[in-house]
1. Take the conditions in the same structural domain as residue 201 (by TED's automatic domain parsing) and within 18 Å of residue 4 (Cβ to Cβ) and apply them to residue 124. Does it pass?
2. Filter the stretch 354-395 for residues that are among the small types (Gly, Ala, Ser), part of a loop (DSSP other than H, G, I, E, B), more than 18 Å from residue 298 (Cβ to Cβ) and more than 33 Å from the chain's Cα centre (by Cα) and give the result.
3. Looking for something closer than 26 Å to residue 214 by Cβ, among the acidic types (Asp, Glu) and in contact (Cβ under 8 Å) with a residue 12 or more places away in the chain - is there at least one such residue anywhere in the stretch 58-66?
4. Go through the stretch 371-394 and give me each residue that's closer than 15 Å to residue 305 by Cα and out of contact with any Phe, Trp or Tyr (no Cβ under 7 Å at 6 or more places or on another chain).
5. Could you please let me know if residue 66 is charged (D, E, K, R), in contact with a Gly (Cβ under 9 Å, 6 or more places away or on another chain) and in the same structural domain as residue 203 (by TED's automatic domain parsing)?
6. Which of the residues belonging to the stretch 118-132 are in contact with a Phe, Trp or Tyr (Cβ under 7 Å, 6 or more places away or on another chain) and in a loop (DSSP other than H, G, I, E, B)?
7. State yes or no: is residue 158 assigned by TED's automatic domain parsing to the domain that holds residue 41, crowded, with 21+ Cβ neighbours inside 10 Å and of a type outside the set (Phe, Trp, Tyr)?
8. Anything in the stretch 293-328 that is touching a helix residue (DSSP H, G or I) at 6+ places or on another chain (Cβ under 9 Å) and among the aliphatic types (A, V, I, L, M)? List them, or say none.
Amino acid sequence: MAFTHLHVHTEYSLLDGACRIKPLLEKVRELGQCACAITDHGVMYGVIDFYKTALDMGIKPIIGCEVYVAPRSRFDKVHGIDSERYHLILLCKNNEGYRNLTRIVSESWVNGFYAKPRVDIELLEKYHEGLIALSGCLFGEVSRHLQRNEYEEAKALAFKYNGIFGEGNYYLEIQNHGLREQASVNPLFKRLSEETGIPLAATNDCHYIEKNDSKAQQVLICIQTNHTLGESTGLEFSSDELYVKSEEEMRDALSDYPQAVENTQAIADKCNVTFEFGKTKLPHFDVPEGYSHNEWFELLCKKGFKERYGDTPPSEYVERLNYELGVIERMGYVDYYLIVQDFVNHAKSAGIPVGPGRGSGAASICAYCIGITGIDPMKYNLLFERFLNPERVSMPDFDNTATTMWRRLLRSAPLRQRRLSVMSAECWESHTRLLTK
């Protein structure tokens, strides 16, 4: 086989994609195709389910996303000027590409959100490594120029994207769903390819699995746009060709562009992302120059130990401190302590209420010494092994007011951005204080 679907919207393109992951991959396998991409609209939360299911079924998973590109900067949000957005397919070649794509998508939600999560050229230039880009469907920026008879502008833009992603990592995307606009722009894409050397890639913009699923997909669009069947939603497709096609169907639909079909397999061969499960990965924590992470952690603990217990602490207290340091370092949780201490300190400095700690975390003298908790575990004879036990390797979990509140704030970052657009910062801070009481 020499064709791979590289433009696929699963059920995680909410109220738009009608491809449930397992039936989708069963269809791909039935067609004899060995790989398939996931490219949901602006999100990546279907990636893990897709990856695991694909591997279980013997299909190579290609990780990607269809992002929305802002016409100007992702920070520009002026009605009537920034309302338009362009589609762009990004596929991960390797794990560096996956990390960069997650950064791009996260930033599109946190700072680029305007009706949709949006990226911009600056973001693509910063995080382009390890990524392959396809120019997108009829809503792609290059295609839009071609539809407006702006050939030279389209050509300049194609060169620009090719420069961003690098030779061999940018493709002009062609589709044929029987639409008049596609019949018009596809020959222009071929001309662009010949004049620029940028290769073509054939896709089918799959939104459902079987051809007769198109009606169900229309229902999803109506729910999304609060319309009834028969009404114009502005998003409906005047085609029932957006299904998972066989290689033969793709070759028939794009018979004038055989190399575009072949190129999909070449792209699939380049994409090799692997995920590791069952291993905790903590964020990197910067320590002062000249110190290792363990040295810095020990220094903080011993400094706090002296502040808590004075110059002549009981010997069993010293033994307990050294025992905990040894366990924490051997089990690899030094950075976890440092990270938690960092945001607890920030919460305190910002006037955010912080509890003294509860549960097993209060049993750690190291946590007490560096200010994560406010309860002396020695005074109350608390057992450290309830929190961290060398005989039971599992991720520890500090639980107090600060950690709970920060989890809430981190989860709601895009919501916070939108709230601040309609209320003053002082109002938000008051609301935050109420939440933490």
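The values are calculated or read from the model by the stated rules, or taken from the named source; none is laboratory data. This one's a predicted model, so the numbers in the text were calculated from it and none came from an experiment. Here the Cβ positions follow ideal geometry from the backbone for every residue, glycine too, while neighbour counts run over all protein chains shown.
1. Values: in the same structural domain as residue 201 (by TED's automatic domain parsing): yes; within 18 Å of residue 4 (Cβ to Cβ): no.
So residue 124 fails the test.
2. Correct list: 374 only.
3. We begin by selecting, within the stretch 58-66, every residue closer than 26 Å to residue 214 by Cβ; these are 59, 61-62, 64-66.
Add one more test, that the residue is among the acidic types (Asp, Glu), and what stays is 66.
Keeping just the survivors that are in contact (Cβ under 8 Å) with a residue 12 or more places away in the chain gives 66.
Scanning the stretch 58-66 turns up at least one residue that is closer than 26 Å to residue 214 by Cβ, among the acidic types (Asp, Glu) and in contact (Cβ under 8 Å) with a residue 12 or more places away in the chain.
4. Step one: filter the stretch 371-394 for residues closer than 15 Å to residue 305 by Cα, giving 371-379.
371, 373, 374, 379, listed by residue number.
5. So residue 66 passes the test.
6. Answer for the stretch 118-132, where residues must be in contact with a Phe, Trp or Tyr (Cβ under 7 Å, 6 or more places away or on another chain) and in a loop (DSSP other than H, G, I, E, B): just 128.
7. Values: assigned by TED's automatic domain parsing to the domain that holds residue 41: yes; crowded, with 21+ Cβ neighbours inside 10 Å: yes; of a type outside the set (Phe, Trp, Tyr): yes.
Answer is yes for this residue.
8. Listed by number, the residues that qualify are 300, 318, 321, 325, 327, 328.
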